[in-house]
Every structure is written in structure tokens, then in C-alpha cells.
Amino acid sequence: MKQIKLVATDLDGTLLGSDRKISENTKQVLQQLIKQGVKVVPLSGRPRSSIKEVFPGIDLEYLIGYNGGLIQKMDGTIIHQSIFSEEQIDFLLSLNHPFAKGPYLLGANHFYLPKKVSKFQRELCETMWKMKSRQLTPADHYKIIKCEYHGPRIFGAHFFKVIKPQLEPYFDVTSSGGWTLEMTNHDATKGNALEILRKKLGLDPSEVVVFGDNLNDVSAFRVPGITKVAMGNAIDEIKDLADDVTLTNDQDGVAEFLKQYCN
């Protein structure tokens, strides 16, 4: 592998510990790499507002959010976004899953509620995504980049067996955990977004390393030519696609792998 010039990393289950925070060890390693000119890029299902809070005191320039549906600078400038069509929105609004909370329709700066939800549920989502909710209006349809359903962990298994086939003609369907179900456009994957950003920065694939642990990282691990590193806690599918396996997220696996590249 050439000198690393871009580090793309998933957050939950990868860069962050089980407490959903970045450790001091990891922070120091990332800061050192950034001083060396390396681009550190969060590669997450989260929106920018939530990603920013993970990196206090770390000078990041780019992020990939919504599982690849949105590429932004950290100041909010949109580089690329993949927005749902009116047909997709109509399809989502026609669905009824009694065991799930949602749909939550997410844009670059707000998330939208097509129906009334409890104050508790709304505030829970606002806290999680670090952005405000709005009632969905027809004028908002062109702003939607991602859809999520939330439910009990058992719902995830039911979804992938029963409901996923209904959605796949319309969306790329994945999950970052057993209780979230995430939909973006078919072209809005972490892998595609990583390639768009890599080409924008003029980098060779061999200058890129990616870290991940779960289903929504699979597309990035299928990008040819880049180095793929699975976490020790990753699912088997990610480990099978990886070039290397590092320690778990609670053992600072990303930082420990990257220390070899710090001058």
C-alpha cells in the first residue's frame, strides 16, 4: 500500500467505543495524521449535525453521511447528494408497518415526519440526530435523502426476511444495527460516495484505507483497490471482504492500526 492520504471510517461500532465516544488515544492518532496532510473522513449513516459532535477539537474537512447519500464539507457545503424521487416518497407514505416507528425522512438539515408522533419520540430523534424535526409538506419531498424505520431488535430480522423484498426495487436497504432499517437510493452507498470523493481529491485507490464493522459498510468494502480493515467486532461478511482485521472498537482498533502510519 502507498502512503495513506485518505482514512474513511465508519463511526458506531468502528471508530467509537460502546459509549459512542471517541477515545483520547484515537483522537491523538487522528490529529497526528491530519497534521501530516491525511484526510480523515467519517463514513456514516448519521447526518452532519450528529457527526460533528463526535469530533471535538479535530479539524475535519469532509464527511460522508446518510450511508453515502450525502457528501459535505464540515461547514455544510454540499458536494453531492442523492435525493428521493416523488415516486419513492409516495411509496414510503403508502407503507404501514405496525411494529416499527417511522418512517423518518431525512434531509441535509432537518428530518421530516409524515404523521404525528409522540413528543417523546420526536425529541428522542432530535437528540439522536442533533437536528430539528418538521412536519412533512409536499414542498419538502425534493429534500429527502434517507428514510429510517426504528423498532425492537426482533423487528430487524422480520424486516429482512419479509419486508425487504418489497423495498429493494425502490431503495438500497441496509442496517447499522438490529433495531434500525435504513433506505437510500440505489446509487447512494458508502462505496459509491467514497469513490466520488476519492476522484474529486485526485487520489489513487491504493492511497485510501477504510474501516467498518456492519452491513452498511459492505459497499465500501467492495470498492476495488482500496485497503479494507475490519474491526475485531465486525460481522463475518465484513471480515470476509477485508484485507486485514484489527482490534475491536472498544480496544481502539482504528487507532492501533493507524499508528504505524504516524511519523
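Where residues in segment 110-126 are surrounded by fewer than 16 Cβ atoms within 10 Å (Cβ to Cβ) and part of a loop (DSSP other than H, G, I, E, B), which of them is modelled with the highest pLDDT? Of everything passing the filter in segment 110-126, LYS115 is modelled with the highest pLDDT.
For LEU93, the criteria (1) farther than 30 Å from CYS262 by Cα; (2) loosely packed, with under 13 Cβ neighbours inside 10 Å hold in every case but one, which is (2).
Per-residue answers, yes or no, for (1) surrounded by fewer than 23 Cβ atoms within 10 Å (Cβ to Cβ); (2) not assigned by TED's automatic domain parsing to the domain that holds GLY65:
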| position | (1), (2) |
| --- | --- |
| GLU168 | yes, yes |
| LEU201 | yes, no |
| VAL208 | no, no |
| SER219 | yes, no |
| PRO224 | yes, no |
| GLY232 | yes, no |
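Against the conditions (1) of a type in the set (A, V, I, L, M); (2) modelled with pLDDT under 95; (3) touching a helix residue (DSSP H, G or I) at 6+ places or on another chain (Cβ under 6 Å), ILE51 satisfies every one except (3). Restricting attention to segment 1-12, and to residues there that are of a type outside the set (A, V, I, L, M) and modelled with pLDDT under 95, which single residue is farthest from TYR261 (Cα to Cα)? Checking each candidate, the answer is ASP12. Counting only residues that are out of contact with any helix residue (DSSP H, G or I) (no Cβ under 7 Å at 6 or more places or on another chain) and in a helix (DSSP H, G or I), which one in segment 12-27 is surrounded by the fewest Cβ atoms within 10 Å (Cβ to Cβ)? Only one residue fits best here, namely GLU24.
Evaluating LEU203 against the criteria (1) touching a Leu at 6+ places or on another chain (Cβ under 8 Å); (2) part of a helix (DSSP H, G or I) leaves one unmet condition, (2). If I filter segment 24-45 for residues that are of a type outside the set (Val, Ile, Thr), out of contact with any strand residue (DSSP E or B) (no Cβ under 8 Å at 6 or more places or on another chain) and under 26 Å from PHE111 (Cα atoms), do I get at least one hit? There is no residue in segment 24-45 that is of a type outside the set (Val, Ile, Thr), out of contact with any strand residue (DSSP E or B) (no Cβ under 8 Å at 6 or more places or on another chain) and under 26 Å from PHE111 (Cα atoms).
The values are calculated or read from the model by the stated rules, or taken from the named source; none is laboratory data. Everything numeric here is computed off the predicted structure, so don't read it as measured data. Cβ: placed from backbone, ideal geometry, glycine included. Neighbour counts: every protein chain shown.
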